[in-house]
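These notes concern the structure reproduced below.
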Amino acid sequence: MDSGVRAWREHEDSCVAALNSIVGQRLEIRRLRSRRREADFLAEPLRNAGIGRPALEALLGEVRGFKARARGVRLLLARAHGEPTVHPRDVLDLPPDMGPASEAKIPFSKAIKLVEEGFASIHPEMGAFVRLMADRRWIDCRNGERRAAGNYCWLFMKSRTPRVFYNPSGTIYDVNGLAHEIGHAFSLQFYGGKGLPFGAWSGCAAVAEMPSGLAELAVRDAMFSSMPEPADRLRTAWLDMVTVVMDLLHQPALFELETAVHELRQKGLLTASLLKDAEARVWDDWYGDILSAKSETFWMDEISYDANECFWSMVYTFGTLLAVGMLAQKDRLGDRFYRAYVDFLSDFGRMTVEELVRKHFDADLSRPEFWRSSLGLVEARIDRFEKIIGTICPRSHD
Ligand SMILES: [Zn+2]
């Protein structure tokens, strides 16, 4: 039994009882609030995330159509490690050992330069913002043995200035994490910029991970072109593929599992065997024959036990593909993109994400075309990855 879930399995009955109560409570509250109009269990999570149902349906339709491609990427990552199949719990592999990186440890001075280049590729003012954060020492990057690895960003509300906590081990992945947090920092300056109170803009999760996702994409592209060593390039492109696996395969599968749990609870009490069967069906649909074992434990540790917060998986998929879509808008609008992007961020919290995108980019998230073109850009990244891994790890194509 995989050790990651052993502790959960011992409490299978407790998990079933907890889900019966929590999901049952959500359904009951939804029923009580549906006196005039019947609302389903997705209505509130969608409203909390600021996502409209037509946009979610358009997104999911396209992501389902991309399933086989995302599954192929997952298998490719496993094969690069010499594994013919994928264990359901192996969701975030690091790349195989491809020899030393061109720099054993990327120092902060180099990391911030890479992030600056990536931001500047979107607009010079975004590059200048990264430099300003470094010069004003708004990034806490001190190394110390008592500091746990990780990154974080928040805002001092009074001065409206962001800070980033960055505790790296010096890899390309840390640079990616730094880009992510500075992406948040950049957007935080503008949120509520037109007098909107904190509570109004702090909860719209669908957009919150988009600026960080956009920053990661731009910085990874800058890293990819500035690193001549194929092994460094593969490490960078590997990060793109981890996003594909997580947000276009794993998270949509979790979304469908959480949906199935709610649908089952609507019909009656949940049991462990009902939940395991539902998970096996969903995983079979998304992962097909690439799995080395049956999946039947995610219902215990990946479904939300919070009475008020659930269906987070859709937010990640939405945010990731929206970020890719923004990169496409940058290519379409050229110099006009930056102003539209800043206005978009400043309006954050005032309207749904569809209205925001329609107002500032004249694009329609409720149409499949928006998501299809984002997936087209993802496809190009997969092609780039397949070419490079074919030369470095030939066994990946066995
Ligand atoms: Zn984030």
Quiz item: Residues Leu234, Leu249: which one is among the hydrophobic types (A, V, I, L, M, F, W, C), at pLDDT 95 or above and buried (at least 19 other Cβ atoms within 10 Å of the Cβ)?
Solution: Leu249
Exercise. Taking His11 as meeting all but one of (1) more than 25 Å from Lys294 (Cα to Cα); (2) surrounded by 12 or more Cβ atoms within 10 Å (Cβ to Cβ); (3) at pLDDT 85 or above, write down the number of the exception.
Key: (1)
Quiz item: So which of Asp347, Asp331 ends up being surrounded by fewer than 16 Cβ atoms within 10 Å (Cβ to Cβ), among the acidic types (Asp, Glu) and farther than 23 Å from Gly72 by Cβ?
Solution: Asp331
Quiz prompt | Restricting segment 163-173 to residues that are away from the ligand (no atom under 15 Å from the Cβ) and closer than 13 Å to Ala149 by Cα, the residue that is surrounded by the most Cβ atoms within 10 Å (Cβ to Cβ) | solution = Pro168
Self-check item: Criterion (closer than 25 Å to Ala7 by Cβ, surrounded by fewer than 20 Cβ atoms within 10 Å (Cβ to Cβ), at pLDDT below 95 and within 24 Å of the chain's Cα centre (by Cα)) met by exactly one of Ser295, Ser225, Ser304
Solution: Ser304
Quiz item: What pairs come up if the first residue lies in segment 377-398 and is assigned by TED's automatic domain parsing to the domain that holds Pro84 and within 19 Å of Asp232 (Cα to Cα), the second is at pLDDT 85 or above and among the hydroxyl-bearing types (Ser, Thr, Tyr), and their beta carbons are under 9 Å apart, counting only those six or more places apart or on different chains?
Solution: Arg381/Thr243
Quiz prompt | Residue satisfying condition, being touching an Asp or Glu at 6+ places or on another chain (Cβ under 9 Å), in the same structural domain as Trp371 (by TED's automatic domain parsing) and either farther than 20 Å from Arg9 by Cα or in contact (Cβ under 8 Å) with a residue 60 or more places away in the chain (or both), within set Ala293, Ala280, Ala307 | solution = Ala293
Self-check item: Arg358 vs. criteria assigned by TED's automatic domain parsing to the domain that holds Leu19 and in a helix (DSSP H, G or I)
Solution: yes
Quiz prompt | Complete set of residues in segment 264-277 that are out of contact with any helix residue (DSSP H, G or I) (no Cβ under 7 Å at 6 or more places or on another chain) and either surrounded by fewer than 14 Cβ atoms within 10 Å (Cβ to Cβ) or outside the structural domain of Leu46 (by TED's automatic domain parsing) (or both) | solution = Lys267, Gly268, Ser273
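The values are calculated or read from the model by the stated rules, or taken from the named source; none is laboratory data. Remember, predicted model here, so these are calculated numbers, not experimental data. In this analysis, Cβ positions are derived from the backbone assuming ideal geometry, glycine residues included, and neighbour counts consider all displayed protein chains.
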